[in-house]
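Since every read-out is calculated from the coordinates, none of them should be taken as a lab result. Keep in mind the model is a prediction, meaning the values are calculated, not measured. As a convention, Cβ positions derive from the backbone with ideal geometry for all residues, glycine included, and neighbour counts pool all protein chains shown.
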Amino acid sequence: MAEPQGIQVDVGALTNYASQLGHYQNEADKFADLVDRADVTTEAWGIVGRWARQSYTDRLGELRSLLADMKQGVESLSAKITDTAAIYQGVEEDAVLTFGRHEAEIDGPR
């Protein structure tokens with residue numbers, strides 16, 4: 001009967017992916033700048049458009065809030081992936097201890 005194989009994790013790929021997530025935070029910042037530029041003054045709405053301005057301003061506020069939530073989510077995901085990579089790396093390093101000519105396998109964290 002064959003021995004079951006463990007899960008193989010490319011720790012470098014996890015770390016690399018986590019570092020690339022910062023790109024999405026930068027993109028969210030760029031988009032937030034565009035949202036700020038889309039917020040026009042009260043005078044630009046004129047007399048007829050003043051009733052629609054509040055609704056427009058509310059939607060821009062919701063969009064800003066969503067962008068902030070997205071940035072926070074990306075930060076959290078990046079931190080969790082980095083922590084996961086560190087745990088897998090720790091498991092790899094802890095899997096075999098060598099004492100002179102003797103090796104002892106140990107279980108990693110579960």
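Farthest toward the dipole's positive end in the range 19-105, which of Gly22, Leu63, Val74, given Cβ charges of +1 (Lys, Arg) and -1 (Asp, Glu) about the Cα centre?
Towards the positive end, the residue furthest out is Leu63.
Using a Förster distance of 25 Å, how high is the FRET efficiency between Tyr24 and Ser65, based on the Cβ-Cβ distance and rounded to 0.05?
0.90
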